[in-house]
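Novice: First, the structure itself, so that you have it in front of you.
The values are calculated or read from the model by the stated rules, or taken from the named source; none is laboratory data. Everything quoted here is computed from the prediction, not taken from an experiment. Glycine also receives a Cβ, built like all others from the backbone with ideal geometry; neighbour counts cover every protein chain displayed. These accessible areas exclude ligands, DNA and RNA; they are computed on the full protein's heavy atoms, side chains included. Shrake-Rupley method; radii C 1.70, N 1.55, O 1.52, S 1.80 Å.
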Amino acid sequence: MMSHRIFIVEDHPKMRETYALLISTVPEFEVCGIVATGAEALAAIQSQLPDLVIVDISLPDTNGIELTQQLRARYPSLRILVVSGHQAENFAIHVEKAGADGYVDKHQAYRLLIPTISEILEGRVRGSG
Amino acid sequence: MPGVSTIQSSRHRHVDDYTRLLSAMPAAVYTCDKDGLITYYNRQAAEIWGREPELGDPDEKFCGSLRLYYADGTPLPHEHTPMAAAVKSGQSFRDTDVVIERPDGSLVMVNVNVSPLYDEDGAFAGAVNVFTDVTRRRRLWQEHRRQRDSLERIISEAPAAIAMLRGAEHRYTLCNPAYRAVARGKGELVGRTVAEVWPETGNTITSLLDNVFQTGKPFHIAEMKLELTRDRGLEDAYFAFTLTPLLDPDGHIEGILIMAIETTAQVLATKQIETERALLQAVLAQMPSGVVIAEAPSGKLILGNEQVEKIWRHGYVPAGDIEGYRAYAGFHADGRHYEPEEWPLARSISQGEVVQDEEIIFKRGDATYGMLSVASAPIQDQDGQVRAGVAIFSDISQRKQAEILRLGQLQVLEMLVKGEPLARVMEEIAHTIERQSPDAVASILLVDEDGRLRHGAAPSLSNAYNEAVDGIMPDANIGTCAAAVARRETVVTRDIATDPAWHTLSHLPLDPTLKAAWSMPIIAGDGQVLGTVGTYFREKRGPTVQERQMVELLASTTLVAIERKRAEAERDELVAALDRERAQLRELAQTLEQRVLQRTELLHKLAAALNLAEQRERARLSQVLHDDLQQLLYSELMRIEVLRRQLSDEQQAALHELISGLIQQLEQAVNVTRTLATELNPPQMESSSLPECLDWLARHMEEAHALEVTLRVRDGADLVAGEARSMLLHLVRELLFNVVKHAGTRQAYLELSTQNGLVVVCIEDHGNGFDVTAVTRNGSDQGTGLGLLSAEDRLALIGGRLEIRSSPGQGTQVAILVPAQT
């Protein structure tokens with residue numbers, strides 16, 4: 001089974017670390033990079049070439065929607081999963097419109113993050129939660 | 001001529017001689033034959049007849065005259081004449097007067113004498129008439145007779161009793177009816193002597209008569225009383241006598257003419273009048289009014305009763321004429337003297353004027369003044385001629401003074417009530433004093449704070465004097481007013497010129513006609529001397545009892561005036577002080593108001609800042625919850641998942657319960673923090689419209705608190721913004737929480753509208769409700785947990801308010817009203 005490279009854009013250190021820890025529990029997944037800002041993400045992704053990017057909706061220099069739009073513009077095949085602590089119901093619509101492949105509420109991330117990543121990579125799911 | 005009694009038949013020879021003789025006779029002669037035909041008449045007869053009848057004419061029988069009358073004027077036919085009678089009877093007729101009317105109308109009285117004629121045979125042949133013109137003689141006699149008749153009539157009709165006496169024994173020779181009347185009951189007087197007729201008079205009359213007879217001097221007695229025996233016996237009789245000696249042609253006294261007028265009736269009447277007059281005088285003397293009677297037209301006073309002296313306080317001056325009335329000093333109200341002819345009595349006498357109740361100021365004998373009320377009327381005789389005048393007067397001074405005093409007091413009281421200045425009130429008091437006595441001049445002085453006397457009112461004193469007096473110190477030994485104040489009692493100076501107390505004041509410019517003064521101090525209830533009421537007199541005198549009483553009254557009125565003015569001054573001072581304090585308070589209030597305004601503004605700013613800070617703090621807390629606490633919780637959940645993934649199946653089975661419990665608790669913690677974060681700072685508040693925010697809130701309440709909220713938006717969508725809107729939304733949320741917590745219902749209604757420039761958000765439920773007054777009365781909603789009062793306070797900061805309608809069991813309706821921002 002081929003390993004999937006996963007890139008994390010999260011400004012909260014504890015969350016970054018926990019995302020990486022949880023993802024690393026899945027042998028097929030490999031965290032190829034973790035950044036805290038949109039700018040760092042755009043710079044690193046070019047060299048790391050991840051299969052999937054986890055984008056936090058709240059970022060210090062931009063927000064997850066805009067970063068998704070930029071990444072989608074540059075990397076049409078890149079898988080993008082947006083995570084958010086906000087509960088707005090139409091949030092998922094905005095995320096999908098921006099070009100993301102999936103959406104997970106941070107509250108449910110402990111339960112849905114790994115399944116959602118798997119489904120996106122397998123091309124079955126574009127959003128959850 | 002009667003001498004011719006026969007006619008000779010040989011007349012032819014002598015006829016011419018007879019004819020000549022008859023013609024020359026100084027009388028008228030004619031003859032008639034026995035048939036009455038005229039046979040002859042001479043020239044004188046023709047002259048008297050005034051015609052010449054034909055001799056022997058049968059139409060001219062008995063007389064040649066045209067017409068005849070008796071002496072008394074009765075017509076006398078010719079056939080009734082003496083001639084006719086003689087011819088018919090053959091008798092003679094002598095000395096008969098008849099009147100002849102001539103053809104020219106003139107009348108002639110003739111004296112006729114007729115004698116019969118016989119021829120030589122002695123046969124009756126006719127008659128001869130000799131007549132003479134007696135017209136003049138007759139007239140003289142008639143005149144004489146008339147005069148005599150007249151004299152007799154005069155004497156007989158004379159009211160005077162006239163008698164003529166002859167000889168030294170005084171024998172009556174003539175008495176007229178009046179005299180006989182005097183001597184009624186005495187029988188025939190003529191031929192008797194006076195002594196015989198009047199024995200009862202003794203020698204009273206005879207001695208008088210003897211004297212006149214002997215001396216030849218007439219004697220007159222104006223009134224003589226005689227006791228005469230008359231019809232009713234002895235009576236008193238009164239006479240006025242004139243005894244005049246009668247002289248014979250040789251100048252010897254031959255008798256006395258007595259003229260007597262009996263005046264008994266007049267004398268008795270006069271005596272009656274005198275009796276009545278005495279009675280009248282007694283009545284007049286006792287009358288309570290003064291009465292004077294004066295003759296007209298002179299004005300001489302003929303009677304004055306005792307009251308005249310009592311009223312005038314000087315002797316009765318029996319003025320001899322109107323000019324003499326100057327002895328009585330009267331004055332008009334304006335001070336002018338009453339001229340003699342102005343007195344009512346003088347006017348009644350000279351103009352017949354009836355005067356009623358004329359008031360006259362008068363000066364009495366003791367130099368005091370008073371007021372008379374005088375009535376006067378003329379006394380007229382039967383022809384309307386003014387014969388006298390009577391004046392009745394009484395002293396009305398006391399009544400008048402009381403009247404003046406009463407009027408003065410009324411005037412003063414009215415002025416006090418009207419709040420007139422004290423100077424004007426005191427001036428009126430001074431005038432009242434001066435009106436009482438024409439010689440009085442009033443002066444009111446006031447005591448100032450330094451105890452000096454100050455000018456109050458003295459309208460009749462000179463300014464120079466008032467200024468000189470102003471400021472003098474009270475002194476028991478100086479002047480009258482200064483002494484009265486110092487001695488605290490009434491002081492009288494009867495003669496300023498000689499009073500030692502006035503020597504030190506001799507330099508003052510006091511009117512020299514003011515001779516005396518007296519002064520009464522004005523003493524207040526607390527014993528303080530406030531001033532003095534002084535009166536100067538133009539006479540050297542002291543005050544009368546009435547004047548004292550009057551000034552006492554006026555002094556008390558003055559006291560009232562002064563105390564009233566003092567009270568007013570104190571009141572004014574108080575009012576001024578109050579005004580000052582009020583002004584200070586107003587200033588203070590303005591300052592305070594300003595401060596309050598400043599504080600309020602500050603408070604508003606603070607409130608706004610606080611509100612903003614609250615919002616920020618909410619946002620910050622929300623952020624912290626979201627960015628930190630929630631992230632940690634998410635992280636911990638994920639770590640549990642990491643842990644679970646690393647456990648074996650057995651381990652997982654053994655720890656399943658524990659792990660599930662951990663997850664459940666963490667999820668619960670996440671939900672709490674999420675709700676808390678949302679409620680602290682709803683995510684859409686800043687970017688959405690008011691209806692959108694309310695819509696979110698409604699849904700949030702249902703999701704988070706299971707409260708079904710029905711929203712109705714009428715208008716007012718975007719009329720509230722900024723902090724006001726955030727405050728409004730927080731209030732709405734709090735009120736919806738109240739429904740959740742207290743209303744006992746799961747349904748609420750939210751309505752947005754505008755009303756009179758206000759945006760109104762109404763929150764309604766049909767739940768438990770509560771007692772609004774109880775909440776309001778407590779002044780606090782502590783215990784209810786409604787937060788309504790603080791909500792009201794917060795709303796007030798942005799100019800809004802809260803309207804609450806609720807009662808237990810009837811649900812609650814709360815309206816939030818905030819000014820619309822247009």
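Novice: Of (1) open to solvent by less than 40 Å² (accessible area, probe 1.4 Å); (2) in a helix (DSSP H, G or I); (3) modelled with pLDDT of 90 or more; (4) away from chain A (no Cβ under 14 Å), B:GLU650 satisfies all except one. Which?
Specialist: For B:GLU650, the exception is condition (1).
Novice: Right, A:ILE80: within 14 Å of another protein chain (Cβ to nearest Cβ) and surrounded by 16 or more Cβ atoms within 10 Å (Cβ to Cβ) or not?
Specialist: Details: within 14 Å of another protein chain (Cβ to nearest Cβ): no; surrounded by 16 or more Cβ atoms within 10 Å (Cβ to Cβ): yes.
Against the criterion (within 14 Å of another protein chain (Cβ to nearest Cβ) and surrounded by 16 or more Cβ atoms within 10 Å (Cβ to Cβ)), A:ILE80 does not qualify.
Novice: Using the structure shown, decide if B:GLY64 is open to solvent by less than 50 Å² (accessible area, probe 1.4 Å), out of contact with any strand residue (DSSP E or B) (no Cβ under 7 Å at 6 or more places or on another chain) and not in a strand (DSSP E or B).
Specialist: On the way: open to solvent by less than 50 Å² (accessible area, probe 1.4 Å): yes; out of contact with any strand residue (DSSP E or B) (no Cβ under 7 Å at 6 or more places or on another chain): no; not in a strand (DSSP E or B): yes.
So B:GLY64 does not fit the description; no.
Novice: For the range A:64-77, how many residues meet the condition of being open to solvent by 10 Å² or more (accessible area, probe 1.4 Å) and either small (Gly, Ala, Ser) or in contact with a helix residue (DSSP H, G or I) (Cβ under 9 Å, 6 or more places away or on another chain) (or both)?
Specialist: Taking the range A:64-77 as the starting set, the residues that turn out to be open to solvent by 10 Å² or more (accessible area, probe 1.4 Å) are A:65-66, A:69-70, A:72-77.
Retained after the next criterion (residues that are either small (Gly, Ala, Ser) or in contact with a helix residue (DSSP H, G or I) (Cβ under 9 Å, 6 or more places away or on another chain) (or both)): A:65-66, A:69-70, A:72-75, A:77.
Qualifying residue count, the range A:64-77: 9.
Novice: Next up: Can you find a residue that is open to solvent by less than 60 Å² (accessible area, probe 1.4 Å), at the interface with chain B (Cβ under 9 Å from one of its Cβ atoms) and without any contact (Cβ under 8 Å) to a residue 40 or more places away in the chain anywhere in the range A:18-34?
Specialist: Of the residues in the range A:18-34, the ones open to solvent by less than 60 Å² (accessible area, probe 1.4 Å) are A:18-20, A:22-23, A:25-26, A:28-29, A:31-33.
After this cut, where a residue has to be at the interface with chain B (Cβ under 9 Å from one of its Cβ atoms) as well, the list is A:18-19, A:22, A:25-26.
With the extra rule that they be without any contact (Cβ under 8 Å) to a residue 40 or more places away in the chain, the set shrinks to A:18.
Yes, there is a match, as at least one residue in the range A:18-34 is open to solvent by less than 60 Å² (accessible area, probe 1.4 Å), at the interface with chain B (Cβ under 9 Å from one of its Cβ atoms) and without any contact (Cβ under 8 Å) to a residue 40 or more places away in the chain.
Novice: Would you say B:ILE360 is open to solvent by less than 10 Å² (accessible area, probe 1.4 Å), under 20 Å from the mean Cα position of the chain (by Cα) and at pLDDT 90 or above? First the steps, then the outcome.
Specialist: Working: open to solvent by less than 10 Å² (accessible area, probe 1.4 Å): yes; under 20 Å from the mean Cα position of the chain (by Cα): yes; at pLDDT 90 or above: yes.
In short, yes.
Novice: Quick one: count up the residues across the range B:525-557 that are over 22 Å from B:THR498 (Cα atoms) and open to solvent by 50 Å² or more (accessible area, probe 1.4 Å).
Specialist: Count: 10.
Novice: Are any of the residues in the range B:156-164 of a type in the set (Ser, Thr, Tyr) and not in a strand (DSSP E or B)?
Specialist: Of all residues in the range B:156-164, those of a type in the set (Ser, Thr, Tyr) come to B:156.
Right, trim to not in a strand (DSSP E or B) and you get B:156.
Yes, the range B:156-164 contains a residue that is of a type in the set (Ser, Thr, Tyr) and not in a strand (DSSP E or B).
Novice: Being over 26 Å from the mean Cα position of the chain (by Cα), in contact (Cβ under 8 Å) with a residue 60 or more places away in the chain, surrounded by 15 or more Cβ atoms within 10 Å (Cβ to Cβ) and not in a helix (DSSP H, G or I) is the requirement here; does B:ALA391 meet it?
Specialist: Numbers: over 26 Å from the mean Cα position of the chain (by Cα): no; in contact (Cβ under 8 Å) with a residue 60 or more places away in the chain: yes; surrounded by 15 or more Cβ atoms within 10 Å (Cβ to Cβ): yes; not in a helix (DSSP H, G or I): yes.
Answer is no for this residue.
Novice: State all residues of the range B:243-278 that are part of a strand (DSSP E or B) and farther than 13 Å from B:LEU165 by Cα; if no residue qualifies, say none. Outline the logic, then answer.
Specialist: Taking the range B:243-278 first, the residues part of a strand (DSSP E or B) are B:243-247, B:253-262.
Once the filter is applied, which keeps residues that are part of a strand (DSSP E or B) and farther than 13 Å from B:LEU165 by Cα, the range B:243-278 yields B:ALA260, B:ILE261, B:GLU262.
Novice: Let me spell it out: the conditions are (1) more than 13 Å from chain B (Cβ to nearest Cβ); (2) open to solvent by 50 Å² or more (accessible area, probe 1.4 Å), and A:PRO60 meets all of them except one. Which number is the exception?
Specialist: (1)
Novice: Residues of the range A:90-113 being open to solvent by 30 Å² or more (accessible area, probe 1.4 Å) and closer than 23 Å to B:SER635 by Cα, which ones?
Specialist: Within the range A:90-113, the first condition is being open to solvent by 30 Å² or more (accessible area, probe 1.4 Å), and the residues that meet it are A:90-94, A:96-97, A:108, A:111-112.
Selection gives A:PHE91, A:ALA92, A:GLN108, A:ARG111, A:LEU112.
Novice: Is it fair to say B:ILE7 is surrounded by 14 or more Cβ atoms within 10 Å (Cβ to Cβ), modelled with pLDDT of 90 or more and closer than 16 Å to B:ASN129 by Cβ? Steps first, answer last, please.
Specialist: On the way: surrounded by 14 or more Cβ atoms within 10 Å (Cβ to Cβ): yes; modelled with pLDDT of 90 or more: no; closer than 16 Å to B:ASN129 by Cβ: yes.
When the stated conditions are applied, B:ILE7 does not pass them.
Novice: Any residue that is over 30 Å from B:THR264 (Cβ atoms), part of a helix (DSSP H, G or I) and of a type in the set (Asp, Glu) - is there at least one of those in the range B:111-125? Walk me through how you get there before you give the answer.
Specialist: Filtering the range B:111-125 down to residues over 30 Å from B:THR264 (Cβ atoms) leaves B:111-125.
Next, only the ones that are part of a helix (DSSP H, G or I) stay: none.
Among the residues of the range B:111-125, not one is over 30 Å from B:THR264 (Cβ atoms), part of a helix (DSSP H, G or I) and of a type in the set (Asp, Glu), which makes the answer no.
Novice: In the set B:GLY299, B:GLY335, which member is assigned to a loop (DSSP other than H, G, I, E, B), in contact (Cβ under 8 Å) with a residue 12 or more places away in the chain and in contact with a Ser or Thr (Cβ under 9 Å, 6 or more places away or on another chain)? Write out each step before concluding.
Specialist: Working: B:GLY335 fails: in contact with a Ser or Thr (Cβ under 9 Å, 6 or more places away or on another chain).
Going through B:GLY299, B:GLY335 in turn, the sole match is B:GLY299.
Novice: Let me ask another. Please count how many residues of the range B:620-638 are farther than 25 Å from B:SER726 by Cα, open to solvent by 20 Å² or more (accessible area, probe 1.4 Å) and facing chain A (nearest Cβ under 7 Å).
Specialist: Summing the residues that are farther than 25 Å from B:SER726 by Cα, open to solvent by 20 Å² or more (accessible area, probe 1.4 Å) and facing chain A (nearest Cβ under 7 Å) in the range B:620-638 gives 1.
Novice: While we're looking at this one, here's another question. In the range B:493-519, how many residues are open to solvent by 40 Å² or more (accessible area, probe 1.4 Å), in contact with a Gly (Cβ under 9 Å, 6 or more places away or on another chain) and not in a loop (DSSP other than H, G, I, E, B)?
Specialist: Of the residues in the range B:493-519, 1 are open to solvent by 40 Å² or more (accessible area, probe 1.4 Å), in contact with a Gly (Cβ under 9 Å, 6 or more places away or on another chain) and not in a loop (DSSP other than H, G, I, E, B).
Novice: Exactly one of these conditions fails for A:THR116: (1) modelled with pLDDT of 90 or more; (2) open to solvent by 30 Å² or more (accessible area, probe 1.4 Å); (3) within 14 Å of chain B (Cβ to nearest Cβ). Give me its number.
Specialist: Among (1) modelled with pLDDT of 90 or more; (2) open to solvent by 30 Å² or more (accessible area, probe 1.4 Å); (3) within 14 Å of chain B (Cβ to nearest Cβ), the lone unmet condition for A:THR116 is (2).
Novice: Out of B:GLU657, B:GLU617, B:GLU601, B:GLU641, I need the residue that is of a type in the set (Asp, Glu), without any contact (Cβ under 8 Å) to a residue 40 or more places away in the chain, facing chain A (nearest Cβ under 9 Å) and assigned to a helix (DSSP H, G or I). Which one?
Specialist: Numbers: B:GLU657 fails: facing chain A (nearest Cβ under 9 Å); B:GLU617 fails: facing chain A (nearest Cβ under 9 Å); B:GLU601 fails: facing chain A (nearest Cβ under 9 Å).
Step by step, each of B:GLU657, B:GLU617, B:GLU601, B:GLU641 is checked, and only B:GLU641 is of a type in the set (Asp, Glu), without any contact (Cβ under 8 Å) to a residue 40 or more places away in the chain, facing chain A (nearest Cβ under 9 Å) and assigned to a helix (DSSP H, G or I).
Novice: While we're looking at this one, here's another question. So if I check each of B:ALA704, B:ALA669, B:ALA677, which one is open to solvent by less than 40 Å² (accessible area, probe 1.4 Å), touching a Ser or Thr at 6+ places or on another chain (Cβ under 7 Å) and within 11 Å of chain A (Cβ to nearest Cβ)? Even if it seems obvious, please write down each step before you answer.
Specialist: Working: B:ALA704 fails: open to solvent by less than 40 Å² (accessible area, probe 1.4 Å); B:ALA669 fails: touching a Ser or Thr at 6+ places or on another chain (Cβ under 7 Å).
Exactly one residue qualifies, and that residue is B:ALA677.
Novice: Additional query: Given the criteria within 14 Å of chain B (Cβ to nearest Cβ), among the β-branched types (Val, Ile, Thr) and crowded, with 19+ Cβ neighbours inside 10 Å, does A:ILE45 qualify?
Specialist: Working: within 14 Å of chain B (Cβ to nearest Cβ): no; among the β-branched types (Val, Ile, Thr): yes; crowded, with 19+ Cβ neighbours inside 10 Å: yes.
No; evaluated as a whole, the condition is false for this residue.
Novice: Report whether or not B:GLU547 is among the acidic types (Asp, Glu), at pLDDT 85 or above and in a helix (DSSP H, G or I). Full working, then the answer.
Specialist: On the way: among the acidic types (Asp, Glu): yes; at pLDDT 85 or above: no; in a helix (DSSP H, G or I): yes.
So B:GLU547 fails the test.
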